[in-house]
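> Before we start, here is the structure in question, set down as C-alpha cells.
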Amino acid sequence: MSNDLTIYPTLPLVEQILTPWQERIGADYQGYKNHVYRMLHCCFALAPCSDEDRQKLIIAACHHDIGIWSDHTVDYLPPSIREAVQYLKIHELTQWEQEISLLIDLHHKIRTIRGPIADKFPLLEVFRRADLADFSLGLILGGVPSPFMKRLKQEFPNAGFHKMLMKAAGGWFARHPLSAPPFMKW
C-alpha cells in the first residue's frame, strides 16, 4: 500500500455524511465540504491508508468542525465530537469512538502528536498535519507535495471557507485578546 496522490472528485461517504448538514451549514456548506475534501486528500497523500483507515478519516473529517454550525460556537470541538459519536452509534461503529474522538479533539494541536497515543492511533498525526496543510493555505505542507496541494485547491476551491474562519476567530480574539481560542491544543 502506498501514499495516494489520486484526486477523487467525490467520495460517496463524504456526500452521505455531509448532505444532511447542507441546510444547517447554509452559505458555508460548499467551503466546508471543499475543506473536508482537501483535508482528506492530504491524509491520503501523507500515509498509506487501508479501506478502514479511509472510512475513519472520512467520518472524522466530515465532523471535525461541524460544531461551528451545530452549536454556533468557536468552542466547537466538544459538539463536533458529540455529532461524530452520534453518527458512530447510529451506524454501529462505536468501536471507533475513542480514535475518532481523538482525531477531532487533537486536530488543532500545535505540537506533533507523539508517544503511546500516537503509537496506538497513527492516524492522529496524519489528520493533524492534513488539516494544518489546508488551514495554512498550503504554507505549512507537513509532507504534502506542493504540486498536489495546488491541484487540490483547483479541484476544491476555497469558496469562502477561510474567510468564514477568520470572521469566527476574529470575534473570539476581540472578546479574549490574550487567550488562545478554545480549539487550540499545545
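Here's the yes/no breakdown for (1) open to solvent by less than 40 Å² (accessible area, probe 1.4 Å); (2) within 13 Å of the chain's Cα centre (by Cα); (3) closer than 22 Å to residue 135 by Cβ:
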{"site": "30", "(1), (2), (3)": "no, no, yes"}
{"site": "38", "(1), (2), (3)": "yes, yes, yes"}
{"site": "52", "(1), (2), (3)": "no, no, no"}
{"site": "61", "(1), (2), (3)": "yes, yes, yes"}
{"site": "65", "(1), (2), (3)": "yes, yes, yes"}
{"site": "80", "(1), (2), (3)": "yes, yes, yes"}
{"site": "91", "(1), (2), (3)": "no, no, no"}
{"site": "100", "(1), (2), (3)": "yes, yes, yes"}
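> From the residues in segment 104-140 that are under 24 Å from residue 32 (Cβ atoms) and open to solvent by 60 Å² or more (accessible area, probe 1.4 Å), which one is modelled with the highest pLDDT?
129
> Give segment 99-142 a look and list any residue that's touching a Cys at 6+ places or on another chain (Cβ under 9 Å) and assigned to a loop (DSSP other than H, G, I, E, B), or say none.
Listed by number, the residues that qualify are 141, 142.
> Now a separate question. What is the one condition in (1) modelled with pLDDT of 95 or more; (2) of a type in the set (D, E, K, R); (3) touching a helix residue (DSSP H, G or I) at 6+ places or on another chain (Cβ under 9 Å); (4) under 18 Å from residue 42 (Cα atoms) that residue 150 does not satisfy?
Condition not satisfied by residue 150: (3).
> If we keep just the residues of segment 83-99 that are aliphatic (A, V, I, L, M) and out of contact with any helix residue (DSSP H, G or I) (no Cβ under 6 Å at 6 or more places or on another chain), which is nearest to residue 124 (Cα to Cα)?
93
The values are calculated or read from the model by the stated rules, or taken from the named source; none is laboratory data. Since this is a predicted model, take the numbers as computed values, not measurements. Here Cβ is always computed from backbone atoms with ideal geometry, including for glycine, and neighbour counts include all displayed protein chains. Only protein heavy atoms, including side chains, enter the accessible area calculation; ligands, DNA and RNA are left aside. Shrake-Rupley method; radii C 1.70, N 1.55, O 1.52, S 1.80 Å.
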